[in-house]
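Everything below concerns the one structure shown next.
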Amino acid sequence: MQHRPYILAPVFLSLVGCGYIGDPMPPALNIPVPIEDLRGIQRGARIYLSFTASLEATDKVMLKSLSGLELRVGVNQPGGFDMERWLQSSSQIDVKPGSGEIQVETPSAPWEGKQIIFAARSIGPTGRPARWSNLLVLNIAAGLKPPEDLTLTGTPRGVFLQWKGAGPQWRVWRQAEGEQEPAVIGTAGEPGWLDQTAEIGKSYSYTLQQLIPTGTATVESDLSKTVTIRYADRFPPATPTGFAAISGLKTIELNWDRNTEPDWKSCQVYRAEGDGPLRKLGPPISAASFSDTTAASGKKYRYAISSIDESGNESAPCAPVEIVAP
């Protein structure tokens, strides 16, 4: 029998031209990846929550959008946590659909004095939900109020803050002139705080928050009223020490210990005749000694000395020393 290979050729070429289609792709699940960063805090009479709702699906496909977000809250019941039992007793918090960073706030009053649990999940475009997020446990405090009657006092060591309010802790916020935002500078364990980092000549604004550690998270009050101070140098140097008066040759020699303050500038000599009042004797001097050549021989005098700083603040005079001029 005669072979006819030319008949097979067109069939062979036709098969090659079709190509390989491959296995059929499975249908997209459209299930979002779970929320993993649910976090929150009680501040005053509100609970502030936030989390990230991703558009990524569990099969690595990027979704165009989410059809919804589900956020639930319920009391942590005794006997150990059970997800199904918690879900049955929980209530839903309204959340606007969206993706990315989601922020929600809700009143704390219904849950005061209770330990509550939050959970969230994303709903895919076809209505299929992700699994539940990490659980957020909060102990809700009652009667949380911001501190009141904040007063600021400039002292030689810094700005001293005092206020009224329940504790046990308070967060101290400060904003210096020229700064864009306030920053936390410390936490106080009593209703008083010394800001030793304040610089003389600058203005500062202070705000406070009451804090209550609850074991699961720190509860914050709303911010107090902001109070501002111009931290000025109104602090006199120390009164001079070691003051002595000695009779000299037609003079009375005065000596004392030099002040050690970095902003010390000068001293003022005071003199009184007999039992009369002390009066300034000449202008301030920068030395630690003085010779009074104007004292009349045989007269009784009393001398005292004060210190003056670069801002013009003057100390109280030292105890007067009495002497009879030679």
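The values are calculated or read from the model by the stated rules, or taken from the named source; none is laboratory data. Quick caveat: nothing in here was measured; it's all calculated off a predicted structure. Cβ placement follows ideal geometry from the backbone for every residue including glycine, while neighbour counts extend to all protein chains displayed.
Within segment 169-183, restricting attention to residues that are among the hydrophobic types (A, V, I, L, M, F, W, C) and within 19 Å of Thr153 (Cα to Cα), which residue is surrounded by the most Cβ atoms within 10 Å (Cβ to Cβ)? Here the residue is Trp170. Looking across Ser247, Ser306, one residue alone is hydroxyl-bearing (Ser, Thr, Tyr) and touching a Cys at 6+ places or on another chain (Cβ under 7 Å). It is Ser306. When segment 29-87 is filtered for residues that are out of contact with any strand residue (DSSP E or B) (no Cβ under 9 Å at 6 or more places or on another chain), among the acidic types (Asp, Glu) and in contact (Cβ under 8 Å) with a residue 12 or more places away in the chain, only Asp59 remains. Taking segment 202-225 as the range and being of a type in the set (S, T, N, Q) and within 20 Å of Arg46 (Cβ to Cβ) as the test, the residues that pass are Thr207, Gln209, Gln210, Thr214, Thr216, Thr218, Ser221, Ser224.
Can you tell me how many residues in segment 19-40 are at pLDDT below 95 and either of a type in the set (Ser, Thr, Tyr) or surrounded by fewer than 17 Cβ atoms within 10 Å (Cβ to Cβ) (or both)?
Of the residues in segment 19-40, the ones at pLDDT below 95 are 19-30.
After this cut, where a residue has to be either of a type in the set (Ser, Thr, Tyr) or surrounded by fewer than 17 Cβ atoms within 10 Å (Cβ to Cβ) (or both) as well, the list is 19-29.
Final tally of qualifying residues: 11.
Among what's in segment 146-187 and is part of a strand (DSSP E or B) and basic (Lys, Arg), pick the residue that is farthest from the chain's Cα centre (by Cα). Show your work before the answer.
Step one: filter segment 146-187 for residues part of a strand (DSSP E or B), giving 148-155, 158-164, 169-176, 183-187.
Filter once more, so that each one left must be basic (Lys, Arg): 164, 171, 174.
Numbers: Lys164: 19, Arg171: 6, Arg174: 7 Å.
Per the stated criteria, the residue is Lys164.
Answer yes or no: is there a residue in segment 194-206 that is outside any strand (DSSP E or B), touching a residue at least 60 places away in the same chain (Cβ under 8 Å) and buried (at least 19 other Cβ atoms within 10 Å of the Cβ). No, segment 194-206 contains no residue that is outside any strand (DSSP E or B), touching a residue at least 60 places away in the same chain (Cβ under 8 Å) and buried (at least 19 other Cβ atoms within 10 Å of the Cβ).
When you scan segment 125-145, do you find a residue that is over 30 Å from Gly80 (Cα atoms), surrounded by fewer than 17 Cβ atoms within 10 Å (Cβ to Cβ), within 19 Å of the chain's Cα centre (by Cα) and at pLDDT 95 or above, even just one? For segment 125-145, residues over 30 Å from Gly80 (Cα atoms), surrounded by fewer than 17 Cβ atoms within 10 Å (Cβ to Cβ), within 19 Å of the chain's Cα centre (by Cα) and at pLDDT 95 or above: absent. Against the condition of a type in the set (A, V, I, L, M) and surrounded by fewer than 16 Cβ atoms within 10 Å (Cβ to Cβ), how does Ala120 come out, does it pass? No; evaluated as a whole, the condition is false for this residue. Taking the condition within 37 Å of the chain's Cα centre (by Cα), crowded, with 16+ Cβ neighbours inside 10 Å, in the same structural domain as Gly158 (by TED's automatic domain parsing) and part of a loop (DSSP other than H, G, I, E, B), does Leu211 pass? Spelling it out, it is not the case that Leu211 is within 37 Å of the chain's Cα centre (by Cα), crowded, with 16+ Cβ neighbours inside 10 Å, in the same structural domain as Gly158 (by TED's automatic domain parsing) and part of a loop (DSSP other than H, G, I, E, B).
Figure legend. Inter-residue proximity from segment 91-116: first residues on the phi > 0 side of the Ramachandran plot, second residues hydroxyl-bearing (Ser, Thr, Tyr), beta-carbon distance below 7 Å, spacing 6+ or different chains. Indicated pairs: Gly100/Thr52.
Test of understanding: among Gln88, Gln103, which residue is under 30 Å from Ala53 (Cα atoms), within 22 Å of the chain's Cα centre (by Cα) and surrounded by fewer than 14 Cβ atoms within 10 Å (Cβ to Cβ)?
Working: Gln88 fails: within 22 Å of the chain's Cα centre (by Cα).
Exactly one residue qualifies, and that residue is Gln103.
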